[in-house]
Amino acid sequence: MDLDRRLLHALRRVGERPGVGGAARGLSFVGEHGAVWLAAGVVAAAVDGPRRAGWLRGVALVGGAHLVSMGVKRVVRRARPEAAGEFTPLVRTAGRHSFPSSHASSAAAAAVAFAALHPPVRPVVGAAAAAMCVSRLVVGVHYPSDVAAGALLGAATAAAGRRWTAGARRA
């Protein structure tokens, strides 16, 4: 068994522990289509008037990262772990392709974009994004390489838009 599968199996077993599987399922649910990150950015825009345009641009970057990851999935078409009959996942998924993880993509984009806008949120959003990424392994719907690629794609998308977002803060 390769390293990708060994790591997935180890983390999926963690999901059998009391409370862990439920927490991972909850994260997976709120992260569907980047919802929690999009909502957080919109709320931040509503309460932080001086950076409102920057927060909304950050939301656009999160949405963009999610859309790009979905496009890559349609090209790569890697089957999810459950398709290989390795185990039963703890959640249902919106699609059958796993590479890259769109949850990881939107989470990493939010972590990079939101932390650049307001550095004091960096530890919280970074930890939440990391938890979101790990949750996809714990529920058994992605291989670690799916999550790593998704996180890289999301972080790169937000980093590429950093100037655009920062320009909105000054406007």
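The values are calculated or read from the model by the stated rules, or taken from the named source; none is laboratory data. Remember, predicted model here, so these are calculated numbers, not experimental data. Note: ideal-geometry Cβ built from the backbone for every residue, glycine included; neighbour counts use all protein chains shown. Protein only, heavy atoms only, side chains kept; ligands, DNA and RNA dropped before computing areas. Shrake-Rupley method; radii C 1.70, N 1.55, O 1.52, S 1.80 Å.
Show the residue pairs meeting these rules: Cβ distance below 6 Å; 6+ apart or different chains; first residue within the stretch 41-60 and within 18 Å of residue 162 (Cα to Cα); second residue buried (at least 23 other Cβ atoms within 10 Å of the Cβ) and of a type in the set (Ser, Thr, Tyr).
Going by the 6 Å Cβ cut-off, the qualifying pairs are 54/165; 57/165; 58/165.
Residues 12, 5: which one is of a type in the set (Lys, Arg), under 22 Å from residue 134 (Cα atoms) and open to solvent by less than 30 Å² (accessible area, probe 1.4 Å)?
One residue alone meets the criteria, 12.
Restricting the first residue to the stretch 1-22 and requiring it to be closer than 19 Å to residue 148 by Cα, which pairs with a second residue that is loosely packed, with under 11 Cβ neighbours inside 10 Å meet a Cβ separation below 9 Å and a spacing of at least six or different chains?
5/84; 9/1
May I ask you to list the residues in the stretch 118-129 that are surrounded by fewer than 24 Cβ atoms within 10 Å (Cβ to Cβ) and touching a residue at least 12 places away in the same chain (Cβ under 8 Å)?
118, 125, 126, 128
I need the full set of residues from the stretch 26-56 which are open to solvent by 70 Å² or more (accessible area, probe 1.4 Å) and of a type in the set (D, E, K, R), in order please.
52
Do we find a residue being within 24 Å of residue 156 (Cα to Cα) and in contact with a Leu (Cβ under 6 Å, 6 or more places away or on another chain) anywhere in the stretch 66-84?
Within the stretch 66-84, one or more residues are within 24 Å of residue 156 (Cα to Cα) and in contact with a Leu (Cβ under 6 Å, 6 or more places away or on another chain).
Tally up the residues in the stretch 136-160 that are open to solvent by less than 10 Å² (accessible area, probe 1.4 Å) and either free of Cβ contacts under 8 Å to residues at least 24 places away in the same chain or farther than 13 Å from residue 8 by Cβ (or both), please.
The number of residues fulfilling the criteria is 3.
So which residues in the stretch 87-134 are assigned to a helix (DSSP H, G or I) and touching a Cys at 6+ places or on another chain (Cβ under 9 Å)?
103, 104, 107, 108
Output the number of residues of the stretch 64-115 satisfying the condition of being more than 12 Å from residue 141 (Cα to Cα) and without any contact (Cβ under 8 Å) to a residue 40 or more places away in the chain.
Count: 9.
Would a scan of the stretch 39-59 turn up a residue that is closer than 15 Å to residue 104 by Cβ, modelled with pLDDT of 90 or more and of a type outside the set (A, V, I, L, M)?
For the stretch 39-59, residues closer than 15 Å to residue 104 by Cβ, modelled with pLDDT of 90 or more and of a type outside the set (A, V, I, L, M): absent.
Looking at (1) open to solvent by 10 Å² or more (accessible area, probe 1.4 Å); (2) aliphatic (A, V, I, L, M); (3) within 13 Å of the chain's Cα centre (by Cα), which is the only condition residue 104 fails?
Condition (1) is where residue 104 drops out.
Taking the stretch 88-101 on its own, how many of its residues are in contact with a Leu (Cβ under 9 Å, 6 or more places away or on another chain) and open to solvent by 40 Å² or more (accessible area, probe 1.4 Å)?
The total comes to 0.
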